[in-house]
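Enquirer: Next up is a structure, given as structure tokens.
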Amino acid sequence: MDEERLVGGNDTEEVVRVGDTVRRTPGPRSDFVAEVLRHLESVDYPYAPRHLGVDDRGREVVSFVPGRTTDHPSQRAEGAYARAGTMLRRLHEVTAGHPLAGGLECVVHGDAGPCNTVFQDGLPVAFIDWTTCAPGVALDDLGYLAWTWCVAAEGNVPVEEQAAHLRELRDGYGDVDPERLLDAVVRQQTRVVERETANLRDERLRPQRRAHAGKAVAWAESDRAVVRRHHALLLSALR
């Protein structure tokens, strides 16, 4: 069958669509990702692709989820933020206490931004690219979701609208203390700044990867400034 190269995955050599499947070069964590996806299927978690094994070229095979990703609120329908929160909460619930959580709180997606979410008719239907899933802390995962879905220095989105999206997403996830959520957002932004600053300075990395690191640092720093500048407004919306 014909192969269609898909965009995404800075550290992935190959991601292609073949019919109703997506195939990618295996990585060091492929076995864990496969276990997570199989567990999610076993508990009828509907917001992830299904793991279908390995093809004759040794590539991971997962089901293809039709739809599109988004990069601006104008591309999302009413209720999208609440559903995203619910999708993440369900992931945390069905992995809490499971051996895959490795003694931590649950399995986290780790990168559940809009670019790793498939939308249909403006509503999210699945998280994709599970290569970052790992044992972790639910609040950190929620903080990253809240940041990447709701807070943006670019895009000309009024901060009042960003605050409303943040409230909707939090309400979709469940009762979370407003201060703790905003602290988690800033913590995740700072984590990206520190990680990508180190990558930017690492001369062993390819120039393309270092260039990506520079853009990521600028992105996280500018969005963190939004949270700090409008902390009172965001906190008020969450309350």
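Enquirer: How many residues does the range 36-80 contain that are of a type in the set (Gly, Ala, Ser) and either buried (at least 19 other Cβ atoms within 10 Å of the Cβ) or in a loop (DSSP other than H, G, I, E, B) (or both)?
Expert: 6
Enquirer: For Leu104, only one of the following conditions fails: (1) over 16 Å from Thr148 (Cα atoms); (2) of a type outside the set (Gly, Ala, Ser); (3) part of a strand (DSSP E or B). What is its number?
Expert: So Leu104 meets the others, but not (3).
To keep it simple, each residue is scored yes or no on (1) closer than 20 Å to Ala96 by Cβ; (2) among the β-branched types (Val, Ile, Thr); (3) surrounded by 19 or more Cβ atoms within 10 Å (Cβ to Cβ).
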| site | (1), (2), (3) |
| --- | --- |
| Gln120 | no, no, no |
| Pro124 | no, no, yes |
| Ile128 | no, yes, yes |
| Pro135 | yes, no, no |
| Asp140 | yes, no, no |
| Ala146 | yes, no, yes |
| Glu154 | no, no, no |
| Val159 | no, yes, no |
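Enquirer: Using the structure shown, decide if Arg17 is touching a residue at least 12 places away in the same chain (Cβ under 8 Å), out of contact with any His (no Cβ under 6 Å at 6 or more places or on another chain), among the basic types (Lys, Arg) and not in a strand (DSSP E or B).
Expert: Details: touching a residue at least 12 places away in the same chain (Cβ under 8 Å): yes; out of contact with any His (no Cβ under 6 Å at 6 or more places or on another chain): yes; among the basic types (Lys, Arg): yes; not in a strand (DSSP E or B): no.
Considered against the rule, which asks whether it is touching a residue at least 12 places away in the same chain (Cβ under 8 Å), out of contact with any His (no Cβ under 6 Å at 6 or more places or on another chain), among the basic types (Lys, Arg) and not in a strand (DSSP E or B), Arg17 comes out as no.
Enquirer: Going residue by residue through the range 81-90, is there one that turns out to be in contact (Cβ under 8 Å) with a residue 40 or more places away in the chain, in a loop (DSSP other than H, G, I, E, B) and not polar (S, T, N, Q)? Write out each step before concluding.
Expert: Step one: of the range 81-90, the residues in contact (Cβ under 8 Å) with a residue 40 or more places away in the chain are 81-90.
Keeping just the survivors that are in a loop (DSSP other than H, G, I, E, B) gives none.
Within the range 81-90, none of the residues are in contact (Cβ under 8 Å) with a residue 40 or more places away in the chain, in a loop (DSSP other than H, G, I, E, B) and not polar (S, T, N, Q).
Enquirer: On to the next question. Looking at Asp175, Asp171, Asp183, Asp111 in this structure, which one is within 14 Å of the chain's Cα centre (by Cα) and either assigned to a helix (DSSP H, G or I) or not hydrophobic (A, V, I, L, M, F, W, C) (or both)?
Expert: Asp111
Enquirer: Continuing with this model, one more query. Hey, could you check the range 212-226 for residues that are closer than 20 Å to Arg180 by Cα and more than 19 Å from the chain's Cα centre (by Cα) and say which is surrounded by the most Cβ atoms within 10 Å (Cβ to Cβ)? Spell out how you get there, then give the answer.
Expert: Filtering the range 212-226 down to residues closer than 20 Å to Arg180 by Cα leaves 220-221, 223-226.
Subsequent filtering for residues that are more than 19 Å from the chain's Cα centre (by Cα) retains 225-226.
Working: Ala225: 12, Val226: 21.
By that ranking, first place goes to Val226.
Enquirer: Follow-up. Among (1) within 17 Å of Glu4 (Cα to Cα); (2) within 15 Å of the chain's Cα centre (by Cα); (3) acidic (Asp, Glu), which single condition is Asp20 missing?
Expert: (2)
Taken together, the values in this text are just the output of simple stated rules run on the coordinates, not laboratory data. The shown structure was predicted, so the numbers you read here are calculated from the model rather than taken from an experiment. Quick reminder, even Gly has a Cβ in these numbers, built from the backbone with ideal geometry, and neighbours come from all protein chains shown.
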